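The structure under discussion appears below in the form of structure tokens.
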Amino acid sequence: MRIGLYPGTFDPLTLGHMDIIQRAGRLVDRLVIGVAINRDKGPLFSLEERVAMIENECIALSEKTGIEIVVHPFENLLIDCARDVGASLIIRGLRAVADFEYEFQMVGMNRALDDSVETVFLMAEARRQAVASRLVKEIARLGGDVAKFVPARVDQALRDRFGPILPRD
């Protein structure tokens with residue numbers, strides 16, 4: 001069984017993430033979504049909220065596509081998480097060249113720690129390349145409409161957190 005790990009903080013889950021999840025599922029028999037507990041980032045949503053968002057969105061995707069998807073919180077090294085879940089493949093999404101530089105360093109470090117785990121990069125589809133969780137949160141915090149960047153339930157969670165969308169002039 002080929003197991004892939006798609007790690008991230010997913011704060012919040014975006015349609016870009018969902019695109020990578022759907023396409024990554026074609027590469028593996030089981031896809032583990034590793035939800036990082038990164039206290040340094042000060043996430044907007046709690047770990048439990050982020051896990052629930054991903055599970056809610058992935059249930060329908062799993063049923064529709066037959067992809068086995070598991071959500072797994074982790075706080076250890078990524079390579080240790082890969083070992084913990086039996087993943088032989090780490091899946092990373094790329095949006096731009098800036099992402100690649102950081103990811104290139106991470107791959108080198110992960111290969112030095114365990115060269116049996118491969119990393120695969122998937123480019124975000126063109127219309128999702130500018131979507132970043134950090135920007136989605138900022139737009140929502142300032143009263144902007146993020147409905148075209150996140151699943152409907154995540155949009156609602158952001159509205160609940162920040163309040164209604166401000167009317168445009």
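We did not get these values from a lab; they are worked out from the coordinates using the rules stated. In this text the structure is predicted, and so the values were computed from the model without any measurement. Methodologically, a virtual Cβ is constructed for each residue, glycine included, from the backbone with ideal geometry; neighbour enumeration extends over all protein chains shown.
Could you work out the relative contact order of the chain, using alpha carbon pairs under 8 angstrom and six or more residues apart, expressed as a whole percent?
28 percent
If I fit a long axis through the Cα atoms of helix 15-24 and take the longest principal axis of the Cα atoms of the chain, what angle between them do I get, 0 to 90°, rounded to 10?
20 degrees
Scan around VAL32 for amide H atoms under 5 Å from its own, H built in the peptide plane at 1.01 Å from N, and keep only partners 5 or more places away or cross-chain.
Under 5 Å from the amide H of VAL32: GLY4, LEU5, TYR6, VAL70.
Just to check I understand the Karplus step: with θ = phi - 60° and J = 6.51 cos²θ - 1.76 cosθ + 1.60, what whole-Hz values come out for the range 123-135, glycine and proline as x?
So the Karplus estimates, Gly and Pro as x, are 6, 4, 4, 3, 6, 10, 5, 8, 6, 9, 3, 4, 6 Hz.
Using DSSP to define loop residues, name the GluC sites (Glu not before Pro) in the range 79-169 whose beta-carbon has at most 15 other beta-carbon atoms within 10 Å.
Here the GluC sites (Glu not before Pro) that fit, given the DSSP loop and packing criteria, are GLU125.
Classify the range 1-42: rounded, prolate or oblate, from the alpha-carbon gyration tensor (a ≥ b ≥ c, eigenvalue square roots; a/c under 1.5 rounded; otherwise prolate if a/b is larger than b/c)?
Cα axes put the range 1-42 in the oblate bin.
Place the peptides 156-163, 13-20 in order of packing, highest mean first, counting for every residue the other Cβ atoms within 10 Å and averaging per peptide.
Packing proxy ranking, top to bottom: 13-20, 156-163.
Taking a ≥ b ≥ c as the square roots of the Cα gyration tensor eigenvalues, with a/c under 1.5 meaning rounded and otherwise prolate when a/b beats b/c, else oblate, which class fits the range 94-169?
prolate
By how many degrees, between 0 and 90 and to the nearest 10, does the Cα long axis of helix 152-162 differ from the longest principal axis of the chain?
60 degrees
Please list, ordered by chain and number, the residues whose modelled amide H lies under 5 Å from the amide H of MET123; skip anything fewer than 5 residues away on the same chain.
Placed amide hydrogens put LEU94 under 5 Å from MET123.
To the nearest Å, what is the center-to-center distance of the range 6-52 and the range 83-132, using C-alpha atoms only?
13 Å
Taking amide H positions as placed in the peptide plane 1.01 Å from N, state which residues far from SER88 in sequence (5 or more) or on other chains have amide H under 5 Å from it.
ILE3
Mind listing the phi-derived Karplus ³J(HN,Hα) values for the range 47-52, rounded to whole Hz, using 6.51, -1.76 and 1.60 with θ = phi - 60°, and x for any glycine or proline?
4, 4, 5, 5, 4, 4
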